[in-house]
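Asker: First the structure, which I've put down as structure tokens, then a few questions once you've had a look.
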Amino acid sequence: MAHSCCVLMGVSWWSQFKFILQCVVVLLQTEYTHACGTSGTGDLLLCRSCGHEIAPESDASFVYSRLALSQRNNTVFGKKRVPVQLFENPQGYQFEVLTLKKADVRKHWPAEKHFTWFPGHSWTIATCPRCRAHLGWAFQPSDWPSTVTSQQFEDSQQTFVALIIHRLLREHVASSLLVTPRSFKS
Ligand SMILES: [Zn+2]
């Protein structure tokens, strides 16, 4: 009787141990998923006007300009620290921009060489392909022809875009803004 009792206690102990082990595994998996989800690599940048997907956040790539009035680490973009730079145009309007390797924006050639914020690069206006909102500028080497094809622009490692920070929205933030209509609540 005592022997079988010990066996039962042993089984019980083992079951409990297995249960605790499973809990730890689930907890670790949850933590891992959470960490990956907030690392900033998987989020999208959207057009603030219409929600069009402009670029993955991971395409942000800092291009230094000595003509920037100031530079700061952007906190809007989650945990990934992406420096944004402040520029002023000849009319005196200031824009805080984020540089990206590429983005789904419409470029309006021919490119302009004057009043560039990135010496050695000429610029075109960049707009949202869906709602046509002005999102920023696209930059290409100034010794290029003033008009190139989208394919040439996309294929080059020497091109980049500078987008106005407050005209973009993170997908993560956008989804948190969604509110369940009252009619769906009991
Ligand atoms: Zn748009």
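Every number in this text was worked out from the coordinates using simple rules, so none of it is lab data. Model, not experiment: these values are computed from the prediction.
Asker: For Val63, enumerate residues with amide H under 5 Å from its amide H, sequence gap 5+ or separate chain, H modeled in the peptide plane.
Answerer: Thr99
Asker: How many angstrom lie between the Cα centre of region 153-172 and the Cα centre of region 105-122?
Answerer: One Cα centre to the other: 14 Å.
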